[in-house]
Each structure stands twice: as structure tokens, then as C-alpha cells.
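The values are calculated or read from the model by the stated rules, or taken from the named source; none is laboratory data. Since the model is a prediction, treat every value here as computed from it, not as a measurement. For neighbour counting, all protein chains shown are included, and Cβ atoms are generated from backbone atoms with ideal geometry for every residue, glycine included.
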């Protein structure tokens with residue numbers, strides 16, 4: 001821990017959007033930043049070592065896999081206000097269809113600036129048809145567009161199966177984005193999908209963004225639900241913490257008055273999912289995950305943490321220390337100061353800078 005700096009800096013980048021996620025390779029001393037349409041690789045001093053451009057869609061949260069020395073991310077192409085905003089900023093039209101992917105970057109090949117996501121052999125993509133279906137479908141319970149309120153995907157993490165004692169291999173967990181729609185009652189759960197990393201060996205292929213491919217499994221290995229109340233665009237960043245054995249979920253606060261609308265939740269990684277009726281879903285049963293009792297509990301029994309960071313990036317070092325992104329924009333340039341924090345379960349905010 002002492003060898004790791006207290007602060008990291010991304011540099012300022014004129015990209016299509018703010019920093020969406022961060023990841024560290026602690027063994028090699030590399031830092032990765034997702035800037036919506038650009039991936040940046042630096043060393044611990046902030047020196048830029050390489051970048052990947054020509055991402056027309058929304059590259060969200062990222063997660064480093066030390067077992068395979070690769071980087072995962074969530075990538076979406078859609079024609080809502082977010083997709084239209086990205087297309088306008090970068091001046092490139094989107095493909096006609098909506099599409100959602102898990103992507104994997106070969107990080108050893110990221111060795112110079114402005115490498116091309118499509119043509120430089122850096123990135124492979126796996127299509128997620130079940131996300132596409134939920135995004136496109138009218139919800140059977142409420143009659144509103146987008147089943148579960150699905151706005152696509154964002155948060156992604158790499159870690160053990162929920163309730164697993166370390167026997168099974170680690171998995172990829174990817175979280176839905178959820179539209180902030182306070183008039184409906186069927187969208188109060190976070191939705192997480194589980195995939196094995198070997199999905200890239202079976203289905204992964206380079207992506208032609210103007211002609212999206214459909215290579216992917218028919219469905220996820222597993223689907224989980226977390227009752228948090230509706231949030232604004234769902235889990236922005238998802239991170240497994242080996243120190244507490246829990247999963248951290250950072251969100252933009254929800255707007256429903258019936259909930260406390262915390263910006264941060266801790267999903268209990270030690271408790272296996274239980275099949276239960278999902279509140280607001282007219283009797284539908286789902287595999288429900290438990291929230292760990294950090295922060296405070298609201299009138300609905302939902303534990304949330306009033307910690308206002310993590311939405312633009314977080315990383316768990318595994319020893320009780322963490323990095324959280326402090327994002328900012330200046331003169332059309334985007335950047336992140338990433339600061340080191342420690343954990344104290346007795347603190348209402350759970351973390352403190354140190």
C-alpha cells in the first residue's frame with residue numbers, strides 16, 4: 001500500500017464525455033481510464049502510455065482482470081438522449097440498431113496514442129441479446145417501454161459468485177442502466193447479469209461499429225436483482241472488494257420520494273441469492289441479492305451509504321484501501337483526479353481519504 005501514490009491524475013482529454021470508470025493493474029503499475037469514447041492508459045505518475053479511439057458508442061465502467069491480464073468494459077449503442085448526445089459531440093452517426101456488448105481489451109497491445117478500436121486488433125466484443133430484448137421490450141407488468149426500466153448496461157465488475165467461498169472461478173457481473181421514471185413501480189431493482197470470462201473465447205470477435213455483429217450467448221449465466229429503489233441510470237460503477245468480500249455499487253441518486261435515494265450501496269457478497277417475489281413486479285420471482293448493513297436503513301429496509309463518489313470510477317486494492325475518481329470538466333476537456341481512501345465500517349460514509 002505504501003508504494004501506491006495517494007493521488008493519480010488522468011490528464012485532460014477532449015473526448016466525447018467525462019470519465020466513466022477507472023481500473024488499475026497494481027502489479028505492473030498501469031492505470032486505465034474510460035472517457036466514454038476513448039480509453040486511456042497511463043503509468044502511476046500520469047504519463048500517457050497509449051490510448052484507444054474510434055469508440056462511437058458509450059464505453060462505461062471498466063474492470064481489470066489480473067488472471068488474464070485484460071480489461072473488460074461495457075459498451076452500448078442506442079438512440080436515446082445519451083446516444084444522440086454522444087453522436088453529436090463526436091460528429092459521427094450511430095448504426096441504425098441498438099446494441100449492447102461486453103468488450104475486452106488486450107492491454108499489452110495498447111502501446112501508443114490513438115490506436116483504433118476496430119482495426120488495431122485491441123478489442124473484441126460479445127453481443128448481449130437478453131439486454132437488447134429488455135431494452136426494446138414493453139414491460140409486461142407496467143406497460144411502459146423498456147422491461148425493468150432497462151436503459152442498457154454500465155457498471156461491470158470481476159469477482160466471485162455471490163455467496164461463493166472461493167471455490168468457483170471468478171465471473172463478470174454487468175449491471176443494467178435503469179431509466180429514472182418515478183411514475184412507474186416496476187423499476188425499483190438493480191439488475192445484474194453474470195457471465196464467465198471464457199465467453200470471449202467462444203463468442204468474442206472484432207466489432208464493426210456501423211454494422212454491429214450479433215455474436216453472443218442466448219442469455220446470461222445468471223440474473224440477479226437488488227432492491228434499492230429506482231436510481232438515475234442504474235449502477236454506474238460496480239466493483240468487487242476482496243477485503244470486505246462485498247460488491248460496491250455507485251449510482252446517481254434516485255428521485256422517488258418513497259426512498260432515501262442513497263448514492264452508494266454495498267451488495268453482500270457472502271450471501272447467496274434467494275428466489276423471492278420482486279416488489280412492484282406483480283408476483284414475478286427473481287434471484288434477490290442482499291445489501292450489507294452499511295450506512296443507514298430507510299423506511300423500506302434498504303441500507304444505503306451517503307458516500308458521494310464512485311459514479312465516475314472506483315477501484316478496490318484488496319487491502320482496505322481504495323481509489324475513487326474525482327471527475328471534472330474544464331474548457332471542453334475532461335479529467336479525473338483519483339484519490340486514495342480507506343474504509344471504516346463505523347463511519348456513516350464508510351470511507352475516508354487517506
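Miscellaneous remarks
- Residues (part of a loop (DSSP other than H, G, I, E, B) and touching a strand residue (DSSP E or B) at 6+ places or on another chain (Cβ under 7 Å)) located in the stretch 318-347: 320, 344
- Within the stretch 209-226, tally of residues that are assigned to a strand (DSSP E or B) and either buried (at least 20 other Cβ atoms within 10 Å of the Cβ) or at pLDDT below 95 (or both): 3
- Qualifying positions in the stretch 162-183 - crowded, with 20+ Cβ neighbours inside 10 Å and part of a loop (DSSP other than H, G, I, E, B): 162, 179
- Taken over the stretch 2-29, residues that are assigned to a strand (DSSP E or B) and modelled with pLDDT under 95 amount to 1.
- Just so you know, in the stretch 30-56 the residues that are touching a strand residue (DSSP E or B) at 6+ places or on another chain (Cβ under 6 Å) and either free of Cβ contacts under 8 Å to residues at least 12 places away in the same chain or part of a loop (DSSP other than H, G, I, E, B) (or both) include one that is surrounded by the most Cβ atoms within 10 Å (Cβ to Cβ), and it is 35.
- Residue in the stretch 300-311 that is outside any strand (DSSP E or B), at pLDDT below 95 and over 21 Å from residue 23 (Cβ atoms) present: no
- Filter result (touching a strand residue (DSSP E or B) at 6+ places or on another chain (Cβ under 8 Å), loosely packed, with under 14 Cβ neighbours inside 10 Å and at negative phi) within the stretch 114-136: 116
- With respect to the conditions (1) assigned to a loop (DSSP other than H, G, I, E, B); (2) surrounded by fewer than 17 Cβ atoms within 10 Å (Cβ to Cβ), residue 202 falls short on a single one, namely (1).
- Where residue 68 falls short, out of the listed (1) outside any strand (DSSP E or B); (2) touching a residue at least 24 places away in the same chain (Cβ under 8 Å); (3) farther than 16 Å from residue 123 by Cβ: (3)
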